[in-house]
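Novice: Got a structure for you, questions after.
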Amino acid sequence: KLLSGIHPYGSYEGEILVEWSPAGFRGIRDAEAAGIAVITQEFALIDELSVAENIFLGRPLTRHGRIDWLAMGQRARELMDEFGLHLDPTVPVGTLGIGQKQLIEIARAMDKKSRLLILDEPTAALTEKEVEVLLDHLRRLRGQGTACVYISHKLDEVFAISDRITVLRDGSSIATLETLRTSIPEVIRHMVGRELGDLFPRTQPAHRGETLLSVRGLSVARQAKGPAFHRDISFDLAGGEVLGIGGLMGAGRTELLGHLFGVWGTRLAGEVALKGKPMPSPDPGQCIRGGLVLSSEDRRRHGLVMGMPIGFNLSLSSLGQFTHGGRIHRAEETVRNQEFFDQLRIKAPGQHTVVGGLSGGNQQKVVLAKALMTGPSVLMLDEPTRGIDVGAKLEIYELINRLTSEGKGVILVSSELPELMGMSDRILMMHEGRIGGEFRRGQFSQEALLAAALGHAPPPSSPSVTGLH
């Protein structure tokens, strides 16, 4: 934000030099005029505008003094094709998935022909194939003389693309290392300030509990608008179990959780039962009261009210606990909020801190604390570690272990195969709206999981909860 002019000159100490000359950026336009383009971690897109309009926002192509819509559409299509994203440039961005939006952000920044390109967690929502395409583009830009600052917690990408690595921790520069002369364990040690043992500390519960969530033959018809369709999905989730769900972007993972939570109010074909109670047409209120809660993949849009304090967000889903006689008892609410504020070790001055000013890791902790305050028995976590640092990831993994040790069931959706394999007791891989393969511990391998995601593995013969013994 400092380098891009979002925080203007005079609001910070020290100086920024561009080609050895002091830069006093008063705003984003000053930074762009100096040849700096930034891809922020959170989207800067306007949902109501088209793909082409977003790409050329603030710098439209013109001809004879008028906007050249045809040229903008053609150039937008060329940029999308470069990333393997075959989209109609007239489609509103709001209708696209989070991964597609990320690629549009990247394409927009790269089209500015900047001398310095800053990318903040650019691959958080991308598939492995899309990541490789992006890294190839960055290598090409580097060969053309463009400098890149690549901010990421995905260390395999950092090592694949960088010449030097600078580690920041708690707002300070800890170390700058030559990539070829360091290692991932050394970088992690600098990131967390200590030695880190197992990156995925999954602990097996002593025994499997009762079935908490049962899904049989779940199907949702294809719609002209709205979420993806699903076909004949069946699985069980037991208490004390972590059920991982993987798949390529667009396979229907996020939409499956949304259907189970009743986000779209769709009547489901098939059977869904929560702790033995049928839910033919679930809605979020019914799910929360029954003990099922969803942590969304897009915390800023669907998980938090960014302009409000931590305390407001924490109790948002559980206000009924503090409401007596039609009034909210604020003292009781504050005490309960503080319990979960401390339990999840949220790093902030207090409950009064506005959520929008927190780091990604602490925002995610607020989302999880809000979910836990409802007293759930089943938690559906959609990309819970996306865009957060290694230390915060470890805390979330430890939280998952604690929840399962208490007999709760966890559904973990993740695009990172090592995370799925490290934290799951069973994994379901989705392909085009259905389950393409089921794997238990001992059967996990990246090759097998990817094959199932691509539709090259036999589907499971029957739903199973045999991942724990």
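What follows is calculated from the coordinates using simple rules that are stated; it is not laboratory data. Bear in mind that the values here come from a model prediction, so they are computed numbers and not experimental data. No Cβ is skipped: glycine too gets one built from the backbone with ideal geometry, and neighbour counts run over all protein chains shown.
Novice: What relative contact order, as a whole-number percentage, does the stretch 35-162 give when Cα pairs under 8 Å and 6 or more residues apart are counted?
Specialist: 31
Novice: Quick one: 3J(HN,Hα) in Hz for the stretch 60-74, Karplus 6.51/-1.76/1.60 with θ = phi - 60°, rounded, Gly and Pro as x.
Specialist: The phi angles translate into x, 6, 10, 8, 6, x, 10, 5, 8, 4, 5, 5, 5, x, 5 Hz.
Novice: Can you give the convex hull volume per residue for the Cα atoms of the stretch 281-325, as a whole number of Å³? Mind dumping the intermediate values first?
Specialist: Details: hull volume 4.7 nm³, N = 45.
Roughly 104 Å³ of hull volume per residue.
Novice: Helix 390-405 sits at what angle to the longest principal axis of the chain, using alpha carbons and giving 0 to 90 degrees rounded to 10?
Specialist: So the helix axis and the longest Cα principal axis differ by about 10 degrees.
Novice: Would you kindly derive the ³J(HN,Hα) couplings of the stretch 364-369 from the backbone phi angles with the Karplus curve 6.51 cos²θ - 1.76 cosθ + 1.60 (θ = phi - 60°), listing them in order in whole Hz, with x for Gly and Pro?
Specialist: Calculated HN-Hα couplings, in order: 5, 5, 5, 4, 5, 5 Hz.
Novice: Name the longest site-free stretch of the chain, where the excluded sites are chymotrypsin sites (Phe, Trp or Tyr not before Pro) in a DSSP loop with no more than 16 other beta-carbon atoms within 10 Å.
Specialist: 21-228
Novice: Please give the charge dipole size of the chain, origin at the Cα centre, charges +1 on K and R Cβ atoms and -1 on D and E Cβ atoms. Round to the nearest 20 debye.
Specialist: Magnitude of the dipole: close to 720 debye.
Novice: Turning to a different aspect of this structure: Under the rule of at least 5 residues apart or a separate chain, name every residue whose amide H is placed under 5 Å from the amide H of Ile67.
Specialist: none
Novice: Still on this structure, please answer the following. Reported to two decimal places, what Rg/Rh ratio describes the chain when computed on Cα atoms with Rh from the Kirkwood expression? Don't jump to the answer; show the numbers that get you there.
Specialist: Working: Rg = 23.2 Å, Rh = 24.0 Å.
Value, to two decimals: 0.97.
Novice: If you don't mind, another one. What does the helix-only formula give at 222 nm for the chain: each DSSP H stretch with n ≥ 4 adding -39500 (n - 2.57), the total divided by the residues, and the result rounded to the nearest 500 deg cm²/dmol?
Specialist: -9500 deg cm²/dmol, from helical runs alone.
Novice: Could you tell me the relative contact order of the stretch 211-453? Use alpha-carbon pairs under 8 Å, at least six residues apart, and round to a whole percent.
Specialist: 28
Novice: Show which lysines lie in cross-link reach of Lys365 when reach means a straight Cα distance below 26 angstrom and same-chain residues fewer than eight apart are skipped.
Specialist: Correct list for Lys365: Lys1, Lys101, Lys154, Lys347, Lys393, Lys408.
Novice: Give me a comma-separated list of calculated 3J(HN,Hα) values for the stretch 273-288, in order, Karplus coefficients 6.51, -1.76, 1.60 applied at θ = phi - 60°, integers in Hz, x for any Gly or Pro.
Specialist: With the stated coefficients, the stretch 273-288 comes to 10, 10, 6, x, 9, x, 10, x, 9, x, 9, x, x, 4, 5, 4 Hz.
Novice: Going by how many other Cβ atoms sit within 10 Å of their own, how do Met306, Met429, Met191 line up, fewest first?
Specialist: Ordered by Cβ neighbours within 10 Å, fewest first: Met306, Met191, Met429.
Novice: Under the rule that an exposed site lies in a DSSP loop and has at most 14 other Cβ atoms within 10 Å, name the longest stretch of the chain with no GluC sites (Glu not before Pro) of that kind, not counting the sites themselves.
Specialist: It works out to 211-405.
Novice: When the Cα centres of the stretch 255-291 and the stretch 165-187 are compared, how far apart do they sit, in Å?
Specialist: 45
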